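This report concerns only the one structure given below.
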Amino acid sequence: MKNIVILISGRGSNMQAIVNAGISGARVAAVIANRPDAAGLAWAAERGIATEVVDHKLYPSREAFDAALAATIDSHQPDLVVLAGFMRILTEGFTRRYEGRMLNIHPSLLPAFPGLHTHQRALEMGCKVAGCTVHFVTAELDHGPIVAQGVVTLQDDDTADSIAARVLTLEHQLYPAAVRRFVAGELALHDGKVKCGDNPAASLMSPAP
């Protein structure tokens, strides 16, 4: 049985999707938030999942917060750390600590549009497609090795909100699938490259709806 620790900052809809997926061979050992008011904490607690808060506002530096967060994570002996709407930039030391066993999902087709306001930026650039990316976390923000991508076709009447809604539906499919592959031993990071099964170049892909 592999332990998964999920980090959230808000309602944690991707956390909920992973929990609801009932991934064989895995248990969500804890849900940890950097905000005491994160709505996802109550959702997890109602389902008997351990919850903890490491409030970033209580620490004098990013390094101090990351050290406290790592200690809390490690107390649950994680095989995999999953970022699910965790709105913190992590230090290099933290990302190296969990190298090859920490995943994130980002609402764009990386390497395009790292950071915030991804859907509005896609519209402004005249993109024909948008989507989301599951990737291993590295020290460079939103630039880790890509595990999986989901794509939506943009329409003439799309807004940032309408794109976000369709992309979020894809996220809830793609992220549990990637976690399931990791737990099954079918997904790993070797020498900076994603290995899926016997094919280091293989990736999960969701077609455009």
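Quick note: the coordinates plus some simple rules give every number you see, no bench work behind them. Since the structure is predicted, the reported quantities are computational estimates derived from the model, not experimental observations. Glycine also receives a Cβ, built like all others from the backbone with ideal geometry; neighbour counts cover every protein chain displayed.
With distances taken between every two different alpha-carbon atoms, the range 135-197 has a Kirkwood hydrodynamic radius of 13.4 Å. Sparse packing (at most 16 other Cβ atoms within 10 Å of the Cβ) combined with a DSSP loop state is found for the following GluC sites (Glu not before Pro) in the range 111-205: GLU140, GLU186. Overall, the chain carries a charge dipole of about 380 debye about its Cα centre when +1 sits on the Cβ of Lys and Arg and -1 on the Cβ of Asp and Glu, all other atoms neutral.
The residues packed around PHE94, meaning those with a beta-carbon under 15 Å from its beta-carbon, carry a net charge of -1 if Lys and Arg are +1 and Asp and Glu are -1. When the chain is treated as a GNM, springs tying every alpha-carbon pair under 10 Å, which of ALA160, ALA178, ALA44 comes out with the largest mean-square fluctuation? Among ALA160, ALA178, ALA44, the largest GNM mean-square fluctuation belongs to ALA160.
Computed on the range 105-209, with alpha-carbon pairs under 8 angstrom and 6+ residues apart, the relative contact order is 26 percent.
Computed from Cα atoms alone, the Kirkwood hydrodynamic radius reported for the chain is 17.4 Å. I want the antiparallel fraction of DSSP beta bridges within the chain, as a percent rounded to 5. Of those bridges, close to 45 percent are antiparallel.
Taken as entire DSSP H runs, the helices of the chain that both span 30 Å or more between Cα atoms along their own long axis and average 0.0 or more on the Kyte-Doolittle scale are 160-183.
When SER13, SER108 are arranged by Cβ crowding within 10 Å, least crowded first, meaning fewest neighbours, the order is SER13, SER108.
With a Förster radius of 22 Å applied to the beta-carbon distance between LEU168 and ILE89, the computed FRET efficiency rounds to 0.50.
Comparing mean-square fluctuations of GLY150, GLY126, GLY100 from a GNM of the chain with C-alpha springs under 10 Å, the top value falls on GLY126.
Computed over the range 1-98, the convex hull of the alpha-carbon atoms projects to a mean area of 5.7 nm². First check a/c for the range 35-86, with a ≥ b ≥ c the square roots of the eigenvalues of its C-alpha gyration tensor; if it is under 1.5, answer rounded, and if not, answer prolate when a/b is larger than b/c or oblate otherwise. Oblate shape, in that a/c is at least 1.5 and b/c is the bigger or equal ratio. For the range 119-171, the normalised intensity computed at q = 0.18, 0.21, 0.30 Å⁻¹ comes to -0.62, -0.78, -1.12 (log10 of I(q)/I(0), Debye sum over alpha carbons, equal scatterers, no solvent).
Between ARG96 and GLU124, the modelled labels are 3.5 nm apart [label points 7 Å from Cα along Cα→Cβ].
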